[in-house]
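Colleague: First, the structure itself, so that you have it in front of you.
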Amino acid sequence: MEYAGDVDVTETWQRLSEDAQAVLIDVRTAAEWNFVGLPDLSSLDKQVQRSEWKAFPSMDRNPNFQQEVEQAGVAKDTAVFLLCRSGQRSRDAAILLTAAGYKHCYNVAGGFEGDKDSAGHRGTVGGWKMAGLPWVQG
């Protein structure tokens, strides 16, 4: 099995709400966290874990990703939801963590900003922000 599967943003929010142990890991870059925003889990008494899958501006893969997740104390038997801009980096991260022994890794389909619209802009077609889920400016 590559990873547990894709879930949309509203299901992710529901599962984070219902499972006190469930974790959301934002794998976007620090630039994205700072300038685009972050999911806000404060109403759930949780914090978003942050670990870049690829580093800006080179976009080289972070060789310490798995170690950073382990150091954050994410248990291998908890539900782990991975989020990026639109769903590709988080899918790759879910595959890596599953191979490392994490049992329940989910890719958050649609990501934080969703797919591009007909004008090539993000934030209007799917994603965390478009769904009206809580977020904060970084």
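Colleague: Relative contact order for the chain: what percent, with Cα pairs under 8 Å and sequence separation of 6 or more? If you can, show how the numbers build up before the last one.
Modeller: Working: 281 pairs, mean separation 43.3, N = 138.
Computed value for the chain: 31 percent relative contact order.
Colleague: Could you work out the helix-only [θ] at 222 nm for the chain, with each DSSP H run of four or more residues adding -39,500 (n - 2.57) and the total divided by the number of residues, to the nearest 500 deg cm²/dmol? Could the numbers behind the result be given before it?
Modeller: On the way: 5 runs with 39 residues, N = 138.
Mean residue ellipticity at 222 nm (helix-derived): -7500 deg cm²/dmol.
Colleague: Let me ask another. Using a 10 Å cut-off on Cβ atoms, rank the peptides 106-114, 88-96 from the highest mean neighbour count down.
Modeller: On the way: 106-114: 25.2, 88-96: 21.7.
So the order, starting with the most tightly packed, is 106-114, 88-96.
Colleague: If you wrap a convex hull around the C-alpha atoms of the chain and split its volume per residue, what is the figure in Å³?
Modeller: Values: hull volume 14.2 nm³, N = 138.
Spelled out: Cα convex hull of the chain, divided by residues, is 103 Å³.
Every read-out reported here was derived from the displayed coordinates using simple, explicitly stated rules and does not represent laboratory data. As the structure is a prediction and not an experimental result, all values here were calculated from the model. Every residue, glycine among them, receives a Cβ derived from its backbone with ideal geometry; neighbour counts consider all protein chains shown.
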